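The structure appears below as structure tokens.
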Amino acid sequence: MLMDTADHCAEGTDMAGTVLAAQLTFIGVVLFTALYAPRENSDRAFRLLDWMKSS
């Protein structure tokens, strides 16, 4: 059974929203860790942010 175009677009939009929410959550956790975690974890989070920025 073939899907209608509208159904296909709706599923793509749902998936895009889910991926965006996951990315924002990940960035939020890394930023929170960089700012408020103990020094060792904070250093690691800042290195991860530098690595993400250069990619």
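Structural remarks
- Condition check for Q23 on (1) open to solvent by 80 Å² or more (accessible area, probe 1.4 Å); (2) more than 19 Å from the chain's Cα centre (by Cα); (3) at pLDDT 90 or above; (4) not small (G, A, S): one failure, at (2).
- Listed by first and then second residue, the pairs linking a residue in region 24-36 that is within 17 Å of W51 (Cβ to Cβ) to a residue that is open to solvent by 100 Å² or more (accessible area, probe 1.4 Å) and in a helix (DSSP H, G or I), with Cβ atoms under 9 Å apart and 6 or more places separating them unless they lie on different chains, are T33/R44; A34/R44.
The values are calculated or read from the model by the stated rules, or taken from the named source; none is laboratory data. The shown structure was predicted, so the numbers you read here are calculated from the model rather than taken from an experiment. When we count neighbours, we look across all protein chains shown, and the Cβ atoms used for this are built from the backbone with ideal geometry, even at glycine. These area figures cover heavy atoms from the full protein model, side chains too; ligands, DNA and RNA do not enter into them. Shrake-Rupley method; radii C 1.70, N 1.55, O 1.52, S 1.80 Å.
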